[in-house]
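The values are calculated or read from the model by the stated rules, or taken from the named source; none is laboratory data. These figures come from a predicted structure and were not determined experimentally. Glycine also receives a Cβ, built like all others from the backbone with ideal geometry; neighbour counts cover every protein chain displayed. Ligands, DNA and RNA are stripped out before the accessible areas are found, and what is left, the full protein with its side chains, is counted by its heavy atoms. Shrake-Rupley method; radii C 1.70, N 1.55, O 1.52, S 1.80 Å.
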Amino acid sequence: MGVTGPPGPVMDRDEVDRALARLGAEHEAIETSLFALQDHAGRRLLEGADLTGVTKERWEAADASITLLWAYFDAYSDALRSAREIRSRRRWSSREDLVELTELLRGESVTVAGSATATANAPTLHGNSGKLSEQFSLVTLVERMNELYASSLDMVVAADAVWSALPARIDLLSAELQRTRRLAHSVGVRPGEHPAGDDLERITRTLTSLREQVISDPLAFWQRAQGSSAPGGGRPDTTAYDREARALDDVRREIDAVLTVRQDAEARLVRLRDVLSRADRTLAEARLARGEVLAKIAATEVPVVSGPPTVLQEQLATAAEYRRHAQWHRLSPLLESLEEKAEDELLRARESLTAVTAPLAVRAELRGRLDAYKAKVARHGLAEDPFLIERYDAARRMLWSAPCDLRVAEQAVLRYQHAVAELLGAPRVPQQSGTEDRRGESTS
């Protein structure tokens, strides 16, 4: 929709003809725009919708503006028709005709009479609200129509854009929500029993409410583009929709985790039973070893070996029960906790066995060292040395007798090492007790 030329002095025939041609083109463009607005899908939807909020307020104003637009257009058409009739009276217009045409084409000669109903909600030029008729020049009238058309089209396009975008997306998300709910129900994720089930209920309520709000008040979900003055400049505000879409994605990931538990549950339970069984066998071995240590090693503090924790076996039985009843949402966190505790229990059992058998390991190390020095003596041809034989037999009796005093046995092994070192000329092995034995000293 355009704007006519500026007013001026009495127009000549050429100016009148040019103005009429311009006004005719203007009239055609305005008519096309008004019919397009009248047939716009958004306007038809607004006309039949049960609106609320800001959309209701703006539609009341826009509907009145559209009604007023047609009244303005009719007045504009009448003025153009009158001007054409005056110009067509004679081929060469008289001075009187030109004065009349100048007044009609440039003066405030157009009267628009409207009802109070038609103009009650429509914005009027220069704030002249409440008037039943207004005087316009054709220039001012076109500007007024442009103004009303732009504001009405902006409102219609914005509402139509929201209706075209959000309800369809909400419906798609709702369909996905229903599929997710069915899947969640199949794996035991239900409201009141699992947080994801509660989230699904909340998302369902939110989407239902969101769709109702979008349908009744689409302009509440419209973001106008910064600095844009074009009709419909902006985009639908999808903040609330995006938030629920992300929440549904989080729920789907949770359900996927539960499904993974369902697929791997049996294998994980078997592994758990194996780990706990190995822990039990290790503890049993530690208890037997403790008895052996107490019987064979003297003057040694042997740690007590605890029994297997019954709570883990009870939790394992609970996990198997959850699996039998397809309570995957409960099984998932229980399995994760059990797997961590079972590994800790196996580590504890191994540490207990190591602590209990430490004296036996010390005795075995002393026996190995004693035999290693005996072999060394034999390689040097000193196997028949009576002093070495005496020292060796003393150490061996202590290491192979029960109960074995490890402290005394270790000293005996060291005395044998010292004797071997003196005979072979090797560096002396330091005494742990801080004393030295010399050849010929008593072995007691």
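Within the stretch 328-341, does at least one residue satisfy the condition of being in contact with a Gly (Cβ under 8 Å, 6 or more places away or on another chain), outside any helix (DSSP H, G or I), open to solvent by 40 Å² or more (accessible area, probe 1.4 Å) and not small (Gly, Ala, Ser)?
Within the stretch 328-341, not a single residue is in contact with a Gly (Cβ under 8 Å, 6 or more places away or on another chain), outside any helix (DSSP H, G or I), open to solvent by 40 Å² or more (accessible area, probe 1.4 Å) and not small (Gly, Ala, Ser).
Within the stretch 80-128, restricting attention to residues that are among the hydroxyl-bearing types (Ser, Thr, Tyr) and modelled with pLDDT under 60, which residue is most open to solvent (accessible area, probe 1.4 Å)?
117
Just the residues that are open to solvent by less than 70 Å² (accessible area, probe 1.4 Å) and of a type outside the set (Ser, Thr, Tyr), please, taken from the stretch 200-214.
200, 201, 203, 207, 210, 214
Scan the stretch 363-373 for residues that are free of Cβ contacts under 8 Å to residues at least 24 places away in the same chain and either of a type in the set (Asp, Glu) or touching a helix residue (DSSP H, G or I) at 6+ places or on another chain (Cβ under 7 Å) (or both) and jot them down.
Across the stretch 363-373, the qualifying residues are 365, 371.
Out of 273, 224, 243, 268, report the one residue that is under 30 Å from residue 148 (Cβ atoms) and either touching a Phe, Trp or Tyr at 6+ places or on another chain (Cβ under 7 Å) or of a type outside the set (Val, Ile, Thr) (or both).
Criteria check complete, one pass: 224.
Which pairs turn up if I take residues in the stretch 92-107 that are aromatic (Phe, Trp, Tyr) and look for partners that are at pLDDT below 80 with beta carbon separation below 8 Å, at least 6 apart in sequence or on another chain?
From residues that are aromatic (Phe, Trp, Tyr), the pairs are 92/13.
Evaluate the following for residue 414: is it farther than 30 Å from residue 276 by Cα, hydrophobic (A, V, I, L, M, F, W, C), surrounded by 19 or more Cβ atoms within 10 Å (Cβ to Cβ) and modelled with pLDDT of 85 or more?
Details: farther than 30 Å from residue 276 by Cα: yes; hydrophobic (A, V, I, L, M, F, W, C): yes; surrounded by 19 or more Cβ atoms within 10 Å (Cβ to Cβ): yes; modelled with pLDDT of 85 or more: yes.
Yes; evaluated as a whole, the condition is true for this residue.
Scanning for something among the polar types (S, T, N, Q), part of a helix (DSSP H, G or I), crowded, with 16+ Cβ neighbours inside 10 Å and at pLDDT 90 or above, does the stretch 37-56 turn up at least one residue?
Here is the first cut: in the stretch 37-56, the ones among the polar types (S, T, N, Q) are 38, 52, 55.
If we keep only those that are part of a helix (DSSP H, G or I) as well, we get 38, 55.
Restricting the remaining residues to those that are crowded, with 16+ Cβ neighbours inside 10 Å gives 55.
Now restrict to residues that are at pLDDT 90 or above: 55.
Yes.
Within the stretch 54-87, track down each residue that is touching a residue at least 60 places away in the same chain (Cβ under 8 Å) and farther than 24 Å from residue 147 by Cα.
83, 84, 87, listed by residue number.
What is the number of the single condition among (1) within 30 Å of residue 314 (Cα to Cα); (2) at pLDDT 85 or above; (3) in contact with a Phe, Trp or Tyr (Cβ under 8 Å, 6 or more places away or on another chain); (4) aliphatic (A, V, I, L, M) that residue 331 does not meet?
Status for residue 331: all satisfied but (2).
May I ask you to list the residues in the stretch 374-411 that are free of Cβ contacts under 8 Å to residues at least 60 places away in the same chain, within 15 Å of residue 361 (Cα to Cα) and open to solvent by less than 50 Å² (accessible area, probe 1.4 Å)?
Hits for the stretch 374-411 are 399, 409, 410.
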